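Structure first, then comments.
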Amino acid sequence: MNKILSAGLLLAALAASPLALSPLVAQPAASFNRDPAAVRAGTYVLDSDHGKITWTVDHFGLSRYSGQLTEVRGELTLDPAALERSSLRVTIPMGKGGTLHEGLDHHLRGADFFDVERHPEARFVSTRIERTGERTARITGDLTLRGVTRPVSFEAVFNAAGVHPVSQRYTIGFDGRATLQRSQFGVDYVIPAVSDTVELHLEGEFQIVE
């Protein structure tokens, strides 16, 4: 009987706790809109806490090895009715993030790879944005990495938009995919043991500037 009473009291306490009234519970993901035509036009800034780039390379043909670049900054000017008039600018701190392996992260920041001391940031500036499907677009622009600028395109997918339940700011979310040849940017260390081709998975939540 005491065990039953204790369980009942525990359930009652949980029901009355702040977590039970959390906006994350009160406003499920279904409250977001997945219709691109309903997205608000305007200028957006990337929420750096929810924006990152995951890179993956082939490692000696034995495995696919991944790391992340974090604390990315960006500004998006969006016109859903005329996507070609939209633009994107992104700044990537090359010394942030990593692989969770201290020795490898130190090597990646050195001259063999990112050369962070001389080139602490990479930049992407869009030159063209074109719709490719109901919720997809191809974004082409100039990527500057290690002082070398090359054209790069990536495929973007619109996920959803709406007022974020935590920040209470209108937010839009995207995923993106791209590939690049690192040798084109002067990063040719141990090719082909570690692949020249780098796959990129881009994720970002952008908040409107009121």
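The values are calculated or read from the model by the stated rules, or taken from the named source; none is laboratory data. Please read all numbers here as calculations on a predicted model, not as lab measurements. Here Cβ is always computed from backbone atoms with ideal geometry, including for glycine, and neighbour counts include all displayed protein chains. For the accessible areas, the whole protein counts, side chains as well, though only heavy atoms, and no ligand, DNA or RNA atoms are used. Shrake-Rupley method; radii C 1.70, N 1.55, O 1.52, S 1.80 Å.
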Charged-residue dipole, Cβ positions (Lys, Arg, Asp, Glu), the chain about Cα centre, Debye nearest 20 = 340 debye
request  = Quick one: plug the Kirkwood hydrodynamic radius of the chain (C-alpha pairs) into Stokes-Einstein at 20 °C, 1.002 mPa s, and report D in µm²/s.
outcome  = 110 µm²/s
ask   = Of the heavy-atom accessible surface of segment 107-164 (probe 1.4 angstrom), what whole percent is carbon and sulfur?
value = 50 percent
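Give me the one-decimal Kirkwood hydrodynamic radius in Å for segment 95-162, with the sum taken over alpha-carbon pairs.
On the way: mean 1/r = 0.0703 Å⁻¹.
Roughly 14.2 Å, rounded to one decimal.
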inquiry  = I'd like the orientation of helix 2-16 relative to the chain: the angle between its Cα long axis and the longest Cα principal axis, in ° from 0 to 90, rounded to 10.
reply    = 60 degrees
key: R150 paired with T127, simple spin-label distance in nm, labels 7 Å along Cα-to-beta-carbon   = 1.4 nm
message = Ranking request for peptides 175-182, 146-153: highest mean number of other beta-carbon atoms within 10 Å first, then the rest in descending order.
response = 175-182, 146-153
